[in-house]
Structure formats: C-alpha cells, structure tokens
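A.B. asks: Following this message is one structure expressed as structure tokens.
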Amino acid sequence: IWGELLSTAARNAGCVGAIVDGSVRDIAKMRTMGFPVYARGPNPYDSRDRQRVIDYDVRIELDGIPILPGDLIAADEDGIVIVPQQVECEVVTAAWKKAHAENEVRDSIKAGMSATTAFQTYGVL
C-alpha cells in the first residue's frame, strides 16, 4: 500500500512518479505534493506488515507487460505506456509527428474546418 510517506521517500531518491501494482492511500496529499502515482485503486489501510521490498532495478511484469530498467514510461490520467529502450527513438519520433499533426488538425478545426475534412486532409483525428 503506497502513500504519502513512500512518495516522499521516492521523490527524495530522485523518482518523478510511481506506478503501483496494488493500492494507494493519501491520494490528496500525493496530489498536493505533485507526485503522480498510478495504481489499481485506493485503500485506507496503512502499509504495516503488508509490503516489503524484494528487489529493485530489475525486470518486472504488470498485466503481462514486461518492463525493464531503462524502459521509457509515459503515464497520465488516460493510461500508462511502456516503451522498450531498444525502440525508444523511433517511438518518440513517431509520437512527436502525431502530436504535430494533431496540433494542425486542432488549429484547422478551430479555424472552421469540419472534422471530416480535417481527417481527410491530415489523416489524423
């Protein structure tokens, strides 16, 4: 069970966020401290006798997805994406191109273009 204290310790160790394959508590406090945590759900229990560190900086698996040290992780309220290190450059380049195209579509729609025409023009929607 992850909470404010573990978030504080993780931040002090250089982490910028956490993905928890379990429950979290102290959600409002973590939000206030600006430390993003993604988990399966909330739980009011404390962590006493409910967790232990087994290892770190090793391969793990979440929902059948392998995650290795050095993999790129992007997470927000829409979900979590794991990008293997060996394809990171290609994926980041493709993501920037997609974001640029979406910006063009957004600008065109704001300027009065229909969504249908925008999709036909840019191939992105």
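The values are calculated or read from the model by the stated rules, or taken from the named source; none is laboratory data. Given the structure is predicted, the values throughout are model-derived calculations rather than measurements. Note: ideal-geometry Cβ built from the backbone for every residue, glycine included; neighbour counts use all protein chains shown.
A.B. asks: Tell me which residues, restricted to the range 1-42, are farther than 16 Å from Gly79 by Cα, of a type in the set (A, V, I, L, M) and in contact with a Gly (Cβ under 8 Å, 6 or more places away or on another chain).
C.D. replies: Once the filter is applied, which keeps residues that are farther than 16 Å from Gly79 by Cα, of a type in the set (A, V, I, L, M) and in contact with a Gly (Cβ under 8 Å, 6 or more places away or on another chain), the range 1-42 yields Ile1, Val24, Met30.
A.B. asks: Quick one: His100 ticks every box in (1) exposed (fewer than 10 other Cβ atoms within 10 Å of the Cβ); (2) over 22 Å from Val24 (Cα atoms) bar one, so which box is it?
C.D. replies: (1) is the only condition that His100 fails.
A.B. asks: Taking the stated definitions as given, is Asp71 in the same structural domain as Val20 (by TED's automatic domain parsing), surrounded by 11 or more Cβ atoms within 10 Å (Cβ to Cβ) and among the charged types (D, E, K, R)? Don't jump to the end; show me each part of the working.
C.D. replies: Numbers: in the same structural domain as Val20 (by TED's automatic domain parsing): yes; surrounded by 11 or more Cβ atoms within 10 Å (Cβ to Cβ): yes; among the charged types (D, E, K, R): yes.
So Asp71 passes the test.
A.B. asks: Looking only at the range 1-45, how many residues end up being β-branched (Val, Ile, Thr) and either in contact (Cβ under 8 Å) with a residue 60 or more places away in the chain or in a loop (DSSP other than H, G, I, E, B) (or both)? Break it down stepwise before answering.
C.D. replies: Here is the first cut: in the range 1-45, the ones β-branched (Val, Ile, Thr) are 1, 8, 16, 19-20, 24, 27, 32, 37.
With the extra rule that they be either in contact (Cβ under 8 Å) with a residue 60 or more places away in the chain or in a loop (DSSP other than H, G, I, E, B) (or both), the set shrinks to 1, 16, 19-20.
Residues meeting the conditions: 4.
A.B. asks: Now a separate question. If I ask for residues that are surrounded by 13 or more Cβ atoms within 10 Å (Cβ to Cβ) and aliphatic (A, V, I, L, M), which ones from the range 75-91 would you list?
C.D. replies: First pass over the range 75-91, keeping only residues surrounded by 13 or more Cβ atoms within 10 Å (Cβ to Cβ): 75, 80-84, 88, 91.
Correct list: Ala75, Ile80, Val81, Ile82, Val83, Val91.
A.B. asks: Which residue is surrounded by the most Cβ atoms within 10 Å (Cβ to Cβ), if the candidates are limited to the range 110-125 and must be among the hydroxyl-bearing types (Ser, Thr, Tyr) and within 17 Å of His100 (Cα to Cα)?
C.D. replies: At the first step, the residues of the range 110-125 found to be among the hydroxyl-bearing types (Ser, Thr, Tyr) are 114, 116-117, 121-122.
This time we only want the ones that are within 17 Å of His100 (Cα to Cα), so: 121-122.
On the way: Thr121: 12, Tyr122: 14.
Among them, the one singled out is Tyr122.
A.B. asks: Can you tell me which of Ala28, Ala95 is surrounded by 13 or more Cβ atoms within 10 Å (Cβ to Cβ) and among the small types (Gly, Ala, Ser)?
C.D. replies: On the way: Ala28 fails: surrounded by 13 or more Cβ atoms within 10 Å (Cβ to Cβ).
Among Ala28, Ala95, only Ala95 is surrounded by 13 or more Cβ atoms within 10 Å (Cβ to Cβ) and among the small types (Gly, Ala, Ser).
A.B. asks: A further question on this structure: Collect the residues in the range 17-66 that are among the small types (Gly, Ala, Ser) and touching a Ser or Thr at 6+ places or on another chain (Cβ under 7 Å), keeping them in residue-number order. If you could, list the steps in order and put the result at the bottom.
C.D. replies: First, pick out the residues of the range 17-66 that are among the small types (Gly, Ala, Ser): 17-18, 22-23, 28, 34, 39, 41, 47, 64.
Correct list: Ala18, Ala39, Gly41.
A.B. asks: Let me ask something else. Are there any pairs, at least 6 apart or on different chains, whose C-beta atoms fall under 9 Å, with the first in the range 93-106 and closer than 17 Å to Gln120 by Cβ and the second of a type in the set (Gly, Ala, Ser), and if so, which?
C.D. replies: Ala101/Gly123; Glu104/Ala118; Val105/Ala115; Val105/Ala118; Arg106/Ala118
A.B. asks: Moving to a separate point now. Could you tell me which numbered condition Asp49 fails, if it satisfies all but one of (1) closer than 30 Å to Cys89 by Cβ; (2) out of contact with any helix residue (DSSP H, G or I) (no Cβ under 9 Å at 6 or more places or on another chain)?
C.D. replies: Answer for Asp49: the failing condition is (1).
A.B. asks: What are the residues in the range 4-21 that are more than 14 Å from Arg52 (Cα to Cα) and touching a strand residue (DSSP E or B) at 6+ places or on another chain (Cβ under 9 Å), if any? Break it down into steps so the answer makes sense when it comes.
C.D. replies: Here is the first cut: in the range 4-21, the ones more than 14 Å from Arg52 (Cα to Cα) are 4-5, 7-19.
Ser7, Ala10, Gly17, Ala18, Ile19 - these are the residues of the range 4-21 that are more than 14 Å from Arg52 (Cα to Cα) and touching a strand residue (DSSP E or B) at 6+ places or on another chain (Cβ under 9 Å).
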